[in-house]
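Beneath this line is the structure, given in structure tokens, with notes to follow.
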Amino acid sequence: MRALSAVLVMVLLCTGALGFLVKVRDRHFPLEAVKELKELMDLDEKNPQLTKKVVEEVCAKPLLPPVFRAVCDNEVERKAVFYELVEVFKYIDP
């Protein structure tokens with residue numbers, strides 16, 4: 001059910017200048033930035049384990065796409081947004 005809700009929340013929008021955007025909750029992220037995040041998180045594709053430590057580590061990386069800085073700064077929403085993005089990772093190529 002979680003995966004289904006993530007798929008429903010995730011919407012790819014085509015815009016002229018920005019390309020594809022991934023929508024998670026009330027935020028929109030460029031598809032390329034999501035792909036970069038996927039590489040930075042380096043999770044096991046078959047069994048991705050998103051822990052608080054993983055989120056903290058990825059937020060501390062200097063190569064984190066700037067679009068995710070606001071998410072990292074928001075402790076209340078940080079894990080939920082990254083959890084939904086991990087669900088999105090299953091549907092995109094690196």
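The number of residues in segment 47-82 being closer than 15 Å to Arg25 by Cβ and among the aliphatic types (A, V, I, L, M) comes to 6.
Are any of the residues in segment 33-42 open to solvent by 90 Å² or more (accessible area, probe 1.4 Å) and either in a loop (DSSP other than H, G, I, E, B) or more than 20 Å from Phe20 (Cβ to Cβ) (or both)? Yes; the residues of segment 33-42 include at least one that is open to solvent by 90 Å² or more (accessible area, probe 1.4 Å) and either in a loop (DSSP other than H, G, I, E, B) or more than 20 Å from Phe20 (Cβ to Cβ) (or both).
Scanning segment 48-94 for residues that are in a loop (DSSP other than H, G, I, E, B), open to solvent by 30 Å² or more (accessible area, probe 1.4 Å) and closer than 16 Å to Val34 by Cβ yields a count of 7.
Consider segment 1-29 and keep the residues that are modelled with pLDDT of 50 or more and open to solvent by 50 Å² or more (accessible area, probe 1.4 Å). The one that is nearest to Ile92 (Cα to Cα) is Phe20.
The values are calculated or read from the model by the stated rules, or taken from the named source; none is laboratory data. Just so it is clear, the structure is predicted and the values come from calculations on it, not from any experiment. Cβ coordinates were reconstructed from backbone atoms using ideal geometry, including for glycine residues, and neighbour counts include every protein chain displayed. Surface accessibility is based on the protein's heavy atoms, side chains included, excluding ligands, DNA and RNA. Shrake-Rupley method; radii C 1.70, N 1.55, O 1.52, S 1.80 Å.
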